[in-house]
Amino acid sequence: DMAGRLSSMPKGFGTGVRLLIGAGVIGYGIKESMFTVDGGHRAIMFSRIGGIQERIYPEGLHFRIPWFQYPIIYDIRSKPRRITSLTGSKDLQMVNISLRVLSRPISDRLPLMYQRLGVDYDERVLPSICNEVLKSVVAKFNASQLITQRSQVSMMVYKLLTDRALDFNIILDDVSITDLSFSKEYAAAVEAKQVAQQEAQRAQFIVEKAKQERQQKVVQAEGEAASAKLISFQSYDTALKENPGYLKLRRIRAAQNVAKTVSQAQNRVYLNANSLLLNLSENDFNLLDEILAKNSPDAKKKK
């Protein structure tokens with residue numbers, strides 16, 4: 001039926017269909033014979049006859065034989081990858097360390113890399129060599145050294161890891177330690193140690209402060225005692241010279257203190273005037289004044 005229909009159609013129609021089909025086949029062949037390598041990528045060619053070819057295709061438009069050849073495209077830009085490893089330190093403390101790696105393949109060795117590792121080279125190589133290098137480096141340091149000497153640890157990891165990656169035709173642009181943590185028990189022990197040290201320093205400070213305050217009080221008390229002694233001697237001597245009645249006043253004050261003490265006692269006490277120092281009417285009370293008056297500088301001048 002189809003042949004009958006085509007034979008019944010005009011003569012030019014069949015020729016046009018054949019031309020259209022031929023153009024489609026040619027266009028498909030041209031499309032399949034071209035491929036593009038984007039920026040930051042490289043391509044290698046696999047041939048069904050000869051296998052992987054040594055030629056490396058740079059960025060741009062390239063040609064191939066359809067079906068017999070097909071390109072394998074690699075991204076040669078640096079790719080970040082985060083790797084975490086649980087390992088032990090020199091003092092047998094478990095350390096959880098995280099590493100950030102920027103890696104890229106060596107573009108001149110892509111055919112060899114494809115034959116050995118394939119396209120997912122980073123998945124095959126980086127986890128194993130990173131764990132190996134981290135365990136070997138961390139085992140050389142104590143837990144405290146991993147914190148205080150972190151830059152040295154990072155440099156050692158970078159050097160060893162770079163050398164190991166070159167064996168697999170991989171370049172590491174950057175290697176950095178992003179996280180470093182210890183077990184909960186070790187963290188609690190470190191915190192307790194720090195608290196104990198702070199408490200010891202605080203107690204030492206309090207002791208030193210108490211010693212300084214005690215020394216200050218001793219010096220102040222000695223100064224006040226010396227000053228009071230000097231003032232009392234000067235005041236007493238001056239009072240006796242300028243006012244002979246000063247002793248009378250002191251005896252009256254002493255009598256008042258004695259009377260106050262006796263009045264507050266629970267038992268009844270009877271004292272005479274001599275015991276209370278209140279024998280003001282007797283001659284003995286005025287005897288000292290007369291002696292001082294005779295020995296005063298004014299009395300001597302009159303003589």
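The values are calculated or read from the model by the stated rules, or taken from the named source; none is laboratory data. Given the structure is predicted, the values throughout are model-derived calculations rather than measurements. No Cβ is skipped: glycine too gets one built from the backbone with ideal geometry, and neighbour counts run over all protein chains shown. Quick note on the areas: whole protein, heavy atoms, side chains included, nothing else; ligands and nucleic acids left out. Shrake-Rupley method; radii C 1.70, N 1.55, O 1.52, S 1.80 Å.
Of note:
- Filtering region 108-134 to residues that are touching a helix residue (DSSP H, G or I) at 6+ places or on another chain (Cβ under 7 Å) and open to solvent by 20 Å² or more (accessible area, probe 1.4 Å) leaves only L117.
- Residue match in region 94-107 (condition: surrounded by 14 or more Cβ atoms within 10 Å (Cβ to Cβ), farther than 30 Å from F141 by Cα and touching a His at 6+ places or on another chain (Cβ under 6 Å)): no
- Residue check, Q220 loosely packed, with under 10 Cβ neighbours inside 10 Å, farther than 30 Å from Q93 by Cβ and either modelled with pLDDT of 70 or more or of a type in the set (S, T, N, Q) (or both): no
- For region 135-153, the candidate set comprises residues that are in contact (Cβ under 8 Å) with a residue 40 or more places away in the chain and surrounded by 17 or more Cβ atoms within 10 Å (Cβ to Cβ); within that set, the residue that is farthest from I76 (Cα to Cα) is A143.
- For region 43-78, filtered to residues that are basic (K, R) and open to solvent by 60 Å² or more (accessible area, probe 1.4 Å), the residue that is nearest to D179 (Cα to Cα) is R77.
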